[in-house]
Structure formats: structure tokens, C-alpha cells
Amino acid sequence: MTHLLVLPILIPLGTAIVLLLLRANPMGRRIVIGISGLSILVADIVLLTSIYQKGIHSYQVGGWSAPFGIVMVGDLLSGIMLVLASVISLSALSYSFGYLKKEAQQALFHPLFFFMWAGTNGAFLTGDIFNLFVMFEVMLMSIYALLVMLGEKKQIEAGFKLISMGLFTSALFLAAAGGIYAFAGTLNMADLALKIKPHVDHPLVSAIAMMFIGVFGLKAAMMPFHFWLPDVHSAAPTPISAMLSGILIKVGVYAIIRVFCLIFVDLQGYFQGFILTMACITMFVGALGAVAQTDIKRLLAYSSVSQIGYILMGVGFFTVGGMSAALFYIISHGVIKSSLFLAAGILKKMRGSTEMSDHGDMINTSPAFTTIFFIGVISLGGIPPSGGFFMKFQLIKAGLDGAFYIPVIVAFMVSLMTLFYLFRSWQKICLSGPPQGNPLARPSVKLLIPVGILAMLCLVLGLAASPVSGLTQAAAEQLFSPELYIRAVMGAM
Amino acid sequence: MKLLLPVVIGVLFGGGTYLMLKKNILKLVLGLGLISHGANVLLISSGWIGAGAVPILGQDGTEGFVDPVPQALVLTAIVIGFAALAFLLVLAIRVYRDLKTADISEIRGQRG
């Protein structure tokens, strides 16, 4: 098999190291970032098309065959997540040049950013539970540093919360990995699926599955574990907020999908009620929190909690339709939420505050900003013709097809709340009269361009909904035939 | 030995949880350290310890060896845990300097 599968990890890793060496050379750094950022995007797209045409890819690192060596696996789900990650990362990267004014900040920011990117891509590609842990740590460690990098008071505070949470999660993850190794004697996910299948009634298996839900739920901000997210996502520097809400909380959802569609396939029915209940509560609590916010970044962060509930609901149906809808939701929410966060960063740059009451009259100050923000609002609110309409439509259709009426009703109610808090914030920021204090400066074009591109993508997702949902449908079908994955890793049996 | 390890793991997890419930920021950090060591010991114990021999090839037979995989894993885990804990300690100092308090319930600048 080709070496294509390791490129999405190796390129960002190499780039990060080169960037560290080029600390004193801003121009060189810019060239390296541009070239390698684009080449990661190209590699991801090539990988996705190759997976789509030829089926699941696997790569034995160092030539040690599974289950003994380290294995990288690319199926459609990983391919989709990789492309999404690179689109959002590229926008956040180009935005960071306008956002971080000082060269010293950029020299610190960009290597860490690429380390984070490498960890994220690694988490999507690994086929081994322990490597998943290591990739999570690579990603988290970079996030810790990126979060507290600017040294603002609330960032230090949020950083302390995030790292305490992260350390605890790591310990839990290690304990779960140790438990599953003691039980099955392997850490390779495909091998685990084979070894666990005959013993699925063993109480230890369901206990470990529950621990994995806890670990990944903490990363994804599922309901009892959502408390850290609003602080962290709103305090982080804006390009990192966009990355956190756009892609990094989805890493947790990705891991839940991977574990429950491969290792614990037979426990899907057992955990369905729990996941659906938690999804509904997550949706509702997040929206309730968002309604009460006066700070636009905190509002968006609470909204992310609520939207994670929607995604988990699609996953919790455990049907092909539900999974396909959840994947479509992951894609469109990633694009929409990162564009909204980046737009909030523009507000912060204009007046040094993200409180909604400090802003107003954007419709006269910057019609472009108003339009972009409006596109984000209607997309997240689920109004056609944006991609957001199709994400909600597919999810609700999948729920009705599977006769899950209560989650569907909750989803409808929360949608109304979503519309309310989004339009209220848009109205406050864009339509209300000019704020007190200095007259507003125009937002810089450098910042508007990446946000505008993401907003265009929201609309494109609505217009091109059918090819994208064809892709997610294929990915969902692949997820529900785990024997394909196992055969790709373990070879013919 | 068979009984000792579960007791050690239990004490580490229990003590860590107890310390984390305290209000002092340093105790939280120490508690997290204890819990991650508990997880490390748990991981080590997943490869049979008992009276197992050192897993070095070249001696006779393949029976009676300790499983070397968890030892390799735990080495990685210790390094990662150490780095994260060191970072957390530095941040704890920053929090103490910024807020002039080591009381966790005072750290509530971002509520709501």
C-alpha cells in the first residue's frame, strides 16, 4: 500500500519543526506555512478520493503486520474528518496572520498550531487504542500551550481548568486501555473487535465501554461533562476558538463513533438509551445556557455544547440514516461555527471586547461583516438554502424513520431556542444603534476574507447537499459493516 | 503481590480523589498526580506480574514471562503525564500570582 496514509501526520509534524527553526525569519515562515498548509489539504483530498474509489486503506508502520505493529487506517469517516480539519485549519491559519499582530506571537503560535494539526490528523488515522491516546495527548498538549499563550487573566484561568480536566481524562483513558488490554490482550482496534465479539456479555466489557463514553464524552463536552467548554472556547485566542469548536470537540465524537461501530458493535442497543438521553439533555442545557449569555463568544461556545447534542443524537440512533445525518452535521457545524467564531474575533479586534452591548450598528459600519454574520446565523438556525437546513432536516428525518419521537421533539424545541438566541445576537450587533464611545473603525479586510470564504462554504454546502450527503451516506454504510474495516487491517482470514 | 497491587491502585485513586475534593489549588494538582499514577500502576498490572521472569529473548522457553507491552505503554504514559503535570504546576503558580489566592472556589472570574 502507498505511503499516502501517513502524509497527513508527517507533513504538519515536519512543518512544525521547520517553523521552530525559522523563528527569526518571518518571511520564510510565511512561505513554509503556505506551502505545507496547502499540501496537507491536497494530500487529504487525494486520500479521500482514493478511499472512496478503492475502499479502506491500511498502512503498517515499519512493516510490522497487524496486530503486532502500529497500524494506520483510513476509511471514509477518517477521510471526511481529515478534509474538514484541513479546511478549517487553513482558514484559522490565514486569519491568524491578521489577528496576532506581533511577530513574536506568530513565531510561537504557528509551530504549536501545526503540532495540534498533526495530533488531530493522527487521531483520525490511527487504528490502535493506545495510539489514539498518544495522538490525543499531542493534540491536547498543543492546545494547552496555545490557550494560555497570550497570558490574559481569563485564559490562564481557563487553561487551568482545561489541563486539570485533561489530566483526569488521560488517567481515565489509560485505565480503560489497561482494562481492555488485560481482558483481550491486544490494543489494535480491528483485533479487539474480533476478540471482544464472543465475550460481549462479560460485565467488564460494558464497564470498559462506559469508561470510553466517559473519556470521549469529556472531550466532546457531552452533558455531565460540558462544564469546561464555555470557559475554554470563549477565552481562547479566536483562531483557536474556531479550531476548538470546529474540529477538536468532534474528535471526541469521532472516537465515540469509532469505538461503538467497531469494538463494541454488539453493545449499541445496550447504550442507545443512555446516549440518546444524554444527547437530548446536552442539546437543551447548551441552548438554555446560550440564551442567558451577553458575550458573543460565550454564546457561541454554549451553542457548540447544544450542537454536540444534535450530533450525538444522530450517532445514538445507530442507523445508517442517523449516522449519515450526524456526519453531515459534523461537516456543516464545523464550517458554520468556525466562521461565526472568526467573525466574533473581528468584533474583538474592533473594540477590544466581545460583550454584545459594546457593539452595534454594524450594518452601516461594515455591510460585508453583517452579511457574513447573517449567513452564519441562518445556517446555524437551519434556514434554507444554507447547509444548516439540510443538516437539521436529515437528522430529523432519520429520527422519524427510526421512530425516535421524543428526541425529535426535543430537537425541534431546541431549534427554536437556537433561532432565538442567534437572531437576538445578530440584531444586537448589527441592527441596533451605534454604541457609546469612540466611533467604530472598519474591520480589516485581512480578517474578513477567511471568514467570508467559510461563509461561502456554508452556502455551498446547502446547494451541494446531495453530493455531500451521498458521501456521508457511503461513510455511514461503511461504518455499519465493520467486517470491511477488520479485513482491511487484519488481511484475509 | 496479587493482593498488593489492587490495594495500591485503590489507595492511589482514592487518595487522589480525596485531595481533588479539597479547596486548595496545590492539593488539586497533587490529587491529579496521584490519580495518574494510579492509572499507570493499573496499566502495568494488566500484563501479568506474579512471579514472571524478565521478558528477554534467548532464555529457554516462552512461558512464564511478563508481558512487555504494558511496560512499554506505561513508559509513554509516564512521560506524557509528567509533562502535563509540570505544565499544570506552572499554571497553578500563575493563577496564584494573578488572583492572590490558592482557594479554588475563588477562581470564578468566568461564571455565567
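The values are calculated or read from the model by the stated rules, or taken from the named source; none is laboratory data. Keep in mind that what you see is a predicted model, and the values were worked out from it rather than measured. No Cβ is skipped: glycine too gets one built from the backbone with ideal geometry, and neighbour counts run over all protein chains shown. Quick note on the areas: whole protein, heavy atoms, side chains included, nothing else; ligands and nucleic acids left out. Shrake-Rupley method; radii C 1.70, N 1.55, O 1.52, S 1.80 Å.
For residue A:71, indicate whether it is open to solvent by 10 Å² or more (accessible area, probe 1.4 Å), touching a residue at least 60 places away in the same chain (Cβ under 8 Å) and either touching a Cys at 6+ places or on another chain (Cβ under 7 Å) or among the aliphatic types (A, V, I, L, M) (or both).
Answer is no for this residue.
Which of the residues spanning the stretch B:1-46 are open to solvent by 60 Å² or more (accessible area, probe 1.4 Å), assigned to a helix (DSSP H, G or I) and touching a residue at least 60 places away in the same chain (Cβ under 8 Å)?
Of everything in the stretch B:1-46, just one residue is open to solvent by 60 Å² or more (accessible area, probe 1.4 Å), assigned to a helix (DSSP H, G or I) and touching a residue at least 60 places away in the same chain (Cβ under 8 Å), namely B:26.
Looking at this structure, is residue A:215 touching a His at 6+ places or on another chain (Cβ under 8 Å) and either polar (S, T, N, Q) or more than 9 Å from chain B (Cβ to nearest Cβ) (or both)?
The answer is no for residue A:215.
How many residues are within 7 Å of chain A (Cβ to nearest Cβ) and touching a strand residue (DSSP E or B) at 6+ places or on another chain (Cβ under 7 Å) when one looks only at the stretch B:85-102?
0
Give the residue, chosen from A:50, A:65, A:58, that is part of a loop (DSSP other than H, G, I, E, B) and either open to solvent by 10 Å² or more (accessible area, probe 1.4 Å) or not aliphatic (A, V, I, L, M) (or both).
After applying the criteria, what remains is A:65.
When the stretch A:430-484 is examined, which residues are found to be over 18 Å from residue A:380 (Cβ atoms), β-branched (Val, Ile, Thr) and in contact (Cβ under 8 Å) with a residue 24 or more places away in the chain?
Those that are over 18 Å from residue A:380 (Cβ atoms), β-branched (Val, Ile, Thr) and in contact (Cβ under 8 Å) with a residue 24 or more places away in the chain: A:449, A:472.
Select from the stretch A:222-253 the residues that are outside any helix (DSSP H, G or I), within 14 Å of chain B (Cβ to nearest Cβ), surrounded by fewer than 24 Cβ atoms within 10 Å (Cβ to Cβ) and in contact (Cβ under 8 Å) with a residue 40 or more places away in the chain and list them in ascending order.
Passing the criteria: only A:228.
Limited to the stretch A:159-181, what total is found for residues that are open to solvent by less than 10 Å² (accessible area, probe 1.4 Å), under 20 Å from the mean Cα position of the chain (by Cα) and over 11 Å from residue B:85 (Cα atoms)?
Residues meeting the conditions: 4.
Given the criteria open to solvent by 10 Å² or more (accessible area, probe 1.4 Å), of a type outside the set (A, V, I, L, M, F, W, C) and within 30 Å of residue A:154 (Cβ to Cβ), does residue A:219 qualify?
Yes.
Looking at A:321, A:316, which one is under 18 Å from the mean Cα position of the chain (by Cα) and either surrounded by 24 or more Cβ atoms within 10 Å (Cβ to Cβ) or outside any loop (DSSP other than H, G, I, E, B) (or both)?
A:316
Could you look through the stretch A:136-154, keep only residues that are more than 7 Å from chain B (Cβ to nearest Cβ) and either open to solvent by 10 Å² or more (accessible area, probe 1.4 Å) or modelled with pLDDT under 90 (or both), and pick out the one that is nearest to the chain's Cα centre (by Cα)?
That would be A:140.
Among (1) in contact with a Gly (Cβ under 7 Å, 6 or more places away or on another chain); (2) surrounded by fewer than 22 Cβ atoms within 10 Å (Cβ to Cβ); (3) not aliphatic (A, V, I, L, M), where does residue A:99 come up short?
Condition not satisfied by residue A:99: (2).
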